[in-house]
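Participant: This is the structure, below, for whatever I ask next.
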Amino acid sequence: MKKFSIKLIALFTLTFFAACSSDDDEILDSEKPQITVNDPVENEAFEVGGELHFDIDLSDNDALASYKVDIHNNFDGHTHSGVLNSTVGVTTKQSTISPWSFNKAFDIEGTPKTYHAHEHIEIPDDIAEGPYHLGITVIDVSGNENQVYVQFIIGEDHTGEEHGISISDIHSENAVRGGELHAEAQLAADHEISSVSVSIHGHGLEPEEGEIEWTFDKTYENYSGTSAELHEHIDVPENAALGEYHMTITVIDAEGHSHAEGAHFHITDGNNNADAITISDMKVDENVKAGEEIHVEAAIAGEHGIEKVEVHIHFEDGEGWEIEKSYDYEDKTSVDFHEHIDVPTDAAKGEYHLSLEVTDHEGNVNSADAHFNVTE
């Protein structure tokens, strides 16, 4: 009887560990699939009304499931590492135009380990010319995903040209999914406003099951005159992935010229506890000369561990220097923040707004603001 019991226990133990081993083999696939973009190459130009050719190779250690393509304008000069350069102008040939956006998902049949995709996407003939981003996201059968972006040009890139269009005082507070995003800005155009477009896309998001990486594109033709106040309420889907998003506002004037500015915001689940983060003893140089450094200091504490600290700087009066810098932290619950940020030699003189935004590992966000002057 004892021998039988011992054998039964041994058999159960072996079965248990075999099952665990089998489960581990399935669970432990955390390796991201890989993406190689063969075409387009960086800053390759395509004609308005023509075709965009993209050619990619995908691979995974286990099996591929799907990929998706996202195209949005880069008229505000944003990147997908959190750095903004918003002094961008785009020239177009007609006034009844708007920036182009494209989103499409593709299933990969047979769950192969490697896959080659070659697609021709028609470029509309009534879109604004300038720089665009092509984003490729690939997902494997375990839900791991990877993403790459390539910039390309439609028509001509008129970066740096000015046409008497300005977008200032951009206001985009964090929004709760299922609620509304309030998009506000002051608009001006010497040759009168023809249309205003708002586009939104995520930054480095990792949607959970049932969530989507929300994108939004809409052109508003109810703004006119040489100045206007943009104020729109935009519905946020209930299943929008939580995290950081980027909003681009584009103004097109009656002569077909275009200008864009960008801002970022977060989508939360409504449970943001800003009190979990404290920002104290914040110090920012009151005056700094163009071409020198501005010093930013603060004592930061977060009971759930600080994930990142972001510094946002923008000019308070029209077009000027803008920057967004992000500083990552591991699991520190307190940070003695002290950074030196270079001020460009050609930064416009005048008053600037600086926002220090802190995010913890629970997704809570808190911020503090300051002003300083760039002098000669």
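Participant: Let me make sure I get this right: for region 137-254, a, b and c are the square roots of the gyration tensor eigenvalues over alpha carbons, sorted descending. Under 1.5 in a/c it's rounded, otherwise prolate if a/b > b/c, else oblate. Which is it?
Facilitator: Oblate, because a/c is 1.5 or more while a/b does not exceed b/c.
Participant: While we're looking at this one, here's another question. What list of ³J(HN,Hα) couplings, whole Hz, do you get for region 340-351 from phi and the Karplus terms 6.51, -1.76, 1.60, once you set θ to phi - 60° and write x for glycine and proline?
Facilitator: My calculation for region 340-351 gives 10, 10, 5, 9, x, 5, 9, 4, 4, 6, x, 8 Hz in order.
Participant: Any of 104/218; 218/308; 308/332 with alpha carbons more than 22 Å apart? Name them for me.
Facilitator: Long pairs (Cα-Cα over 22 Å): 218/308.
Participant: Could I ask something else about it? Can you compute 3J(HN,Hα) from phi for each residue in region 110-119, using the Karplus curve 6.51 cos²θ - 1.76 cosθ + 1.60 with θ = phi - 60°, rounded to whole Hz and x for Gly and Pro?
Facilitator: These are the phi-based 3J(HN,Hα) values: x, 6, x, 7, 10, 7, 10, 10, 9, 10 Hz.
Participant: Cα gyration tensor of the chain, axes a ≥ b ≥ c as square roots of the eigenvalues: rounded (a/c below 1.5), prolate (a/b > b/c) or oblate?
Facilitator: Verdict is oblate for the chain.
Participant: Might you report the magnitude of the Cβ-based charge dipole of the chain about its Cα centre, with Lys and Arg at +1 and Asp and Glu at -1, to the nearest 20 debye?
Facilitator: Dipole size: approximately 1400 debye.
Participant: What are the residues whose amide H is under 5 Å from the amide H of residue 292, where those residues sit 5 or more places off or on another chain and H is modelled from the backbone?
Facilitator: For residue 292, whose amide H was placed from the backbone, the distant partners under 5 Å are 343.
Participant: To continue, here is another question. For the chain, find the longest principal axis of its Cα atoms and tell me its angle to the long axis of helix 2-27, 0 to 90°, nearest 10.
Facilitator: Tilt of helix 2-27: around 20 degrees.
Participant: Rank by packing, highest mean first: peptides 237-246, 342-351, 259-268, with packing defined as the count of other Cβ atoms within 10 Å averaged across residues.
Facilitator: On the way: 237-246: 18.5, 342-351: 13.5, 259-268: 22.7.
Going from most to least packed, we get 259-268, 237-246, 342-351.
Participant: Now a separate question. Normalised by the residues of region 34-268, what does the relative contact order come to in percent, with Cα pairs under 8 Å and at least six apart?
Facilitator: Relative contact order, region 34-268: 24 percent.
Participant: Can you put 142, 30 in order, fewest other beta carbons within 10 Å first?
Facilitator: The order, fewest Cβ neighbours first, is 30, 142.
Participant: In percent, how large is the relative contact order of region 274-375, given Cα pairs closer than 8 Å and 6 or more residues apart? Write down the numbers at each step before the final one.
Facilitator: On the way: 267 pairs, mean separation 37.0, N = 102.
Taking the mean separation of contacting Cα pairs over the length of region 274-375, I get 36 percent.
Participant: Out of residues 5 or more away from residue 285 or on other chains, whose amide H comes under 5 Å of its own, with H placed 1.01 Å from N in the peptide plane?
Facilitator: Placed amide hydrogens put 295 under 5 Å from residue 285.
Participant: Could you run the Karplus curve 6.51 cos²θ - 1.76 cosθ + 1.60 with θ = phi - 60° over region 207-217 and give me ³J(HN,Hα) per residue in whole Hz, x for Gly and Pro?
Facilitator: x, 7, 4, x, 9, 10, 8, 5, 10, 8, 9
Bear in mind that the values in this text are calculations on the coordinates, not laboratory data. Keep in mind the model is a prediction, meaning the values are calculated, not measured. Cβ: placed from backbone, ideal geometry, glycine included. Neighbour counts: every protein chain shown.
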